[in-house]
């Protein structure tokens, strides 16, 4: 096994760890039922982003000149970081948890691959396309099998807007992943790139947190959930994701993160006490097959 292959496999492993950490957010949020989804998203992504910026302040300062020269990518990535959690949680509120999750997370790999295909000339192999297709089908089956989420009570118009917001969430997720990798390809260290993008995105989310975050301080339990969300899934998770992005294409990384709903479902069964019908287990199997195919496809191009 040569050095490039080892680095690639380490990148895949890092993204998988990130997906596992992100998969804990849904179960964690159940311990703060009085906190709105938007506030949870703002404290998680905003707090985690500011922590990354603080940790990597030295790297950001060292690459400040290069970051200023690439300010368009930096701003685009920060906007993606800020918009993603708001669009994602609003999508689930309007269209329902299942549809919102399918559209937001399921669309990100395809949108990421489309961005790289159009702007970077990425060649998509048949194995990658087939693997991504399995993953998307698995996502749909898994979310359709999840009968634990609230049934949306709004109008059909609300559901349509929820789907559109889900697509926006998928696009912004793909966008900040692509811009972070683009900065890395321009010679900026992954720590500086991720710290700058998520730090700026975190600053943009602070007004949202100030407006919606009062319930987080209502009890020690809610405050603990907010701290956990910011520190573990978002801070540590995105450290791993940045490590993986430096070693794998953004389209591969976003596809691997389809493992997130598998983790979320498993925790819901074990901790929350939810049940998963056969359709859901089939979806999990397809997502695992997707991960194997995507990893093998990307490794074959090395």
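The values are calculated or read from the model by the stated rules, or taken from the named source; none is laboratory data. Bear in mind the structure is a predicted one, so any value in this text is a computation, not a measurement. Virtual Cβ from ideal backbone geometry, glycine too; neighbours counted across all protein chains shown.
Is it the case that some residue within the stretch 97-108 is closer than 21 Å to residue 193 by Cα, buried (at least 16 other Cβ atoms within 10 Å of the Cβ) and at pLDDT below 80? Yes, that holds for at least one residue.
Scanning the stretch 183-214 for residues that are out of contact with any helix residue (DSSP H, G or I) (no Cβ under 6 Å at 6 or more places or on another chain) and farther than 14 Å from residue 48 by Cβ yields a count of 7.
Pick from the stretch 1-23 the residues that are under 20 Å from residue 222 (Cα atoms) and modelled with pLDDT under 85: which of them is surrounded by the fewest Cβ atoms within 10 Å (Cβ to Cβ)? Per the stated criteria, the residue is 23. When the stretch 264-283 is filtered for residues that are part of a loop (DSSP other than H, G, I, E, B) and either within 22 Å of the chain's Cα centre (by Cα) or modelled with pLDDT of 75 or more (or both), only 277 remains. Scanning the stretch 118-138 for residues being free of Cβ contacts under 8 Å to residues at least 60 places away in the same chain, assigned to a helix (DSSP H, G or I) and under 17 Å from residue 181 (Cβ atoms) gives a total of 2.
What tally of residues in the stretch 185-203 results from selecting those that are buried (at least 19 other Cβ atoms within 10 Å of the Cβ), part of a helix (DSSP H, G or I) and either under 16 Å from the mean Cα position of the chain (by Cα) or modelled with pLDDT of 90 or more (or both)?
Of the residues in the stretch 185-203, 11 are buried (at least 19 other Cβ atoms within 10 Å of the Cβ), part of a helix (DSSP H, G or I) and either under 16 Å from the mean Cα position of the chain (by Cα) or modelled with pLDDT of 90 or more (or both).
Residues of the stretch 120-136 that are over 21 Å from residue 15 (Cβ atoms) and modelled with pLDDT of 75 or more: 126 alone.
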